[in-house]
Amino acid sequence: MMAALGGRGLARTLRDVISRRRWQDAGVAVAFGITLAVMNFSIYQSFARIPLGIAVTVEFLGPLAVAVASSRHVIDLLWVGLAGLGVALLADGGTRVAGGTRLAGGAAPGSHGGPGLVVAGIAFALVAAAAWAAYIKLSASTG
(Lines give C-alpha, C1' and ligand atoms only; values in the text may rest on other atoms or scores of the structure.)
Protein backbone atom coordinates (compact mmCIF):
# COMPACT_ATOMS: atom_id res chain seq x y z
CA MET A 1 0.00 0.00 0.00
CA MET A 2 2.89 2.34 0.80
CA ALA A 3 4.48 1.62 -2.56
CA ALA A 4 1.20 2.34 -4.35
CA LEU A 5 0.65 5.61 -2.47
CA GLY A 6 4.22 6.82 -2.33
CA GLY A 7 5.72 5.22 -5.40
CA ARG A 8 5.61 8.34 -7.56
CA GLY A 9 7.09 10.47 -4.76
CA LEU A 10 9.88 7.97 -4.25
CA ALA A 11 10.61 7.83 -7.97
CA ARG A 12 10.68 11.64 -8.12
CA THR A 13 13.04 11.78 -5.13
CA LEU A 14 15.38 9.21 -6.67
CA ARG A 15 15.43 11.10 -9.98
CA ASP A 16 16.22 14.31 -8.05
CA VAL A 17 19.10 12.62 -6.21
CA ILE A 18 20.54 11.34 -9.47
CA SER A 19 20.07 14.53 -11.49
CA ARG A 20 21.37 16.90 -8.83
CA ARG A 21 24.06 14.49 -7.62
CA ARG A 22 22.95 14.72 -4.00
CA TRP A 23 24.78 11.58 -3.04
CA GLN A 24 25.78 13.00 0.33
CA ASP A 25 22.12 13.56 1.24
CA ALA A 26 21.25 10.05 0.08
CA GLY A 27 24.17 8.63 2.08
CA VAL A 28 22.99 10.37 5.25
CA ALA A 29 19.45 9.05 4.71
CA VAL A 30 20.73 5.49 4.19
CA ALA A 31 22.99 5.75 7.26
CA PHE A 32 20.02 7.05 9.26
CA GLY A 33 17.91 4.06 8.19
CA ILE A 34 20.68 1.56 8.98
CA THR A 35 21.20 3.17 12.38
CA LEU A 36 17.49 2.86 13.18
CA ALA A 37 17.50 -0.79 12.10
CA VAL A 38 20.57 -1.62 14.22
CA MET A 39 19.17 0.26 17.22
CA ASN A 40 15.81 -1.52 17.12
CA PHE A 41 17.27 -4.95 16.41
CA SER A 42 19.79 -4.61 19.23
CA ILE A 43 17.39 -3.38 21.90
CA TYR A 44 14.88 -6.13 21.13
CA GLN A 45 17.65 -8.72 21.30
CA SER A 46 18.61 -7.21 24.64
CA PHE A 47 15.00 -7.41 25.89
CA ALA A 48 15.05 -11.12 25.08
CA ARG A 49 18.04 -11.67 27.36
CA ILE A 50 17.86 -9.22 30.27
CA PRO A 51 15.11 -7.38 32.16
CA LEU A 52 13.54 -4.45 30.34
CA GLY A 53 14.54 -1.82 32.93
CA ILE A 54 18.21 -2.76 32.81
CA ALA A 55 18.24 -2.89 29.00
CA VAL A 56 16.68 0.56 28.66
CA THR A 57 18.95 2.00 31.35
CA VAL A 58 22.05 0.74 29.55
CA GLU A 59 20.65 1.95 26.20
CA PHE A 60 20.21 5.44 27.68
CA LEU A 61 23.99 5.66 28.00
CA GLY A 62 24.06 6.56 24.28
CA PRO A 63 22.19 9.86 24.59
CA LEU A 64 24.03 10.53 27.85
CA ALA A 65 27.35 10.17 26.01
CA VAL A 66 26.18 12.60 23.32
CA ALA A 67 25.17 15.10 26.00
CA VAL A 68 28.50 14.76 27.77
CA ALA A 69 30.49 15.06 24.55
CA SER A 70 28.71 18.31 23.73
CA SER A 71 28.96 19.68 27.28
CA ARG A 72 31.40 22.41 28.19
CA HIS A 73 31.16 22.19 31.99
CA VAL A 74 33.37 20.11 34.28
CA ILE A 75 30.50 19.58 36.75
CA ASP A 76 28.76 17.50 34.07
CA LEU A 77 31.38 14.80 34.61
CA LEU A 78 30.06 14.44 38.17
CA TRP A 79 26.58 13.83 36.80
CA VAL A 80 27.93 11.29 34.35
CA GLY A 81 29.69 9.50 37.19
CA LEU A 82 26.48 9.42 39.20
CA ALA A 83 24.55 8.12 36.19
CA GLY A 84 27.17 5.40 35.67
CA LEU A 85 26.95 4.46 39.34
CA GLY A 86 23.18 4.23 38.98
CA VAL A 87 23.51 1.91 36.00
CA ALA A 88 25.99 -0.27 37.90
CA LEU A 89 23.73 -0.42 40.95
CA LEU A 90 20.68 -1.19 38.86
CA ALA A 91 22.43 -3.91 36.90
CA ASP A 92 24.30 -5.39 39.91
CA GLY A 93 26.25 -7.59 37.58
CA GLY A 94 23.02 -8.59 35.82
CA THR A 95 22.16 -11.24 38.38
CA ARG A 96 19.85 -9.48 40.83
CA VAL A 97 16.19 -8.70 40.15
CA ALA A 98 13.55 -6.66 41.97
CA GLY A 99 13.12 -7.67 45.57
CA GLY A 100 16.75 -8.71 45.88
CA THR A 101 16.21 -12.25 44.60
CA ARG A 102 19.33 -13.62 42.99
CA LEU A 103 18.68 -15.80 39.96
CA ALA A 104 20.29 -19.18 39.60
CA GLY A 105 23.30 -18.98 37.35
CA GLY A 106 22.78 -15.28 36.73
CA ALA A 107 19.95 -15.81 34.25
CA ALA A 108 17.55 -13.02 33.43
CA PRO A 109 13.88 -13.47 34.38
CA GLY A 110 12.09 -15.55 31.77
CA SER A 111 15.33 -16.64 30.11
CA HIS A 112 16.67 -20.15 29.89
CA GLY A 113 20.36 -19.34 30.00
CA GLY A 114 23.07 -18.35 32.41
CA PRO A 115 25.56 -15.52 32.77
CA GLY A 116 26.52 -15.69 29.10
CA LEU A 117 22.99 -14.75 28.16
CA VAL A 118 23.14 -11.74 30.50
CA VAL A 119 26.48 -10.63 29.03
CA ALA A 120 25.00 -10.91 25.53
CA GLY A 121 21.99 -8.88 26.65
CA ILE A 122 24.20 -6.12 28.05
CA ALA A 123 26.30 -6.19 24.86
CA PHE A 124 23.17 -5.79 22.71
CA ALA A 125 22.02 -2.91 24.94
CA LEU A 126 25.40 -1.22 24.49
CA VAL A 127 25.15 -1.60 20.71
CA ALA A 128 21.67 -0.05 20.92
CA ALA A 129 23.17 2.80 22.99
CA ALA A 130 25.82 3.46 20.35
CA ALA A 131 23.18 3.35 17.62
CA TRP A 132 21.00 5.78 19.58
CA ALA A 133 23.95 8.17 19.87
CA ALA A 134 24.55 7.88 16.12
CA TYR A 135 20.82 8.42 15.52
CA ILE A 136 20.98 11.69 17.48
CA LYS A 137 23.98 12.92 15.51
CA LEU A 138 22.54 11.82 12.16
CA SER A 139 19.13 13.37 12.88
CA ALA A 140 20.74 16.82 12.76
CA SER A 141 22.11 16.05 9.28
CA THR A 142 18.91 14.39 8.14
CA GLY A 143 16.72 17.31 9.26
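Here are some notes:
- Counted residues, the range 93-143 - those being open to solvent by 80 Å² or more (accessible area, probe 1.4 Å), modelled with pLDDT of 90 or more and under 30 Å from ALA29 (Cβ atoms): 2
- Close pairs (7 angstrom Cβ cut-off, 6 or more residues apart or separate chains): farther than 20 Å from ALA125 by Cα in the range 62-78, assigned to a helix (DSSP H, G or I) and aliphatic (A, V, I, L, M) anywhere: ASP76/VAL68
- Screening the range 1-44 for residues that are open to solvent by 50 Å² or more (accessible area, probe 1.4 Å) and at pLDDT 90 or above and picking the one that is nearest to VAL119 (Cα to Cα) gives TYR44.
- Being assigned to a helix (DSSP H, G or I) and closer than 30 Å to ALA125 by Cβ is a property that VAL28 has.
- Only listed residue being surrounded by 13 or more Cβ atoms within 10 Å (Cβ to Cβ) and either at pLDDT below 80 or more than 20 Å from VAL38 (Cβ to Cβ) (or both), chosen from LEU77, LEU90, LEU82, LEU64: LEU90
The values are calculated or read from the model by the stated rules, or taken from the named source; none is laboratory data. Computed from a prediction, not measured in an experiment: that's the story for all the values here. Using ideal geometry, Cβ is built from the backbone for each residue, glycine included, and neighbour counts are taken over all protein chains shown. Only protein heavy atoms, including side chains, enter the accessible area calculation; ligands, DNA and RNA are left aside. Shrake-Rupley method; radii C 1.70, N 1.55, O 1.52, S 1.80 Å.
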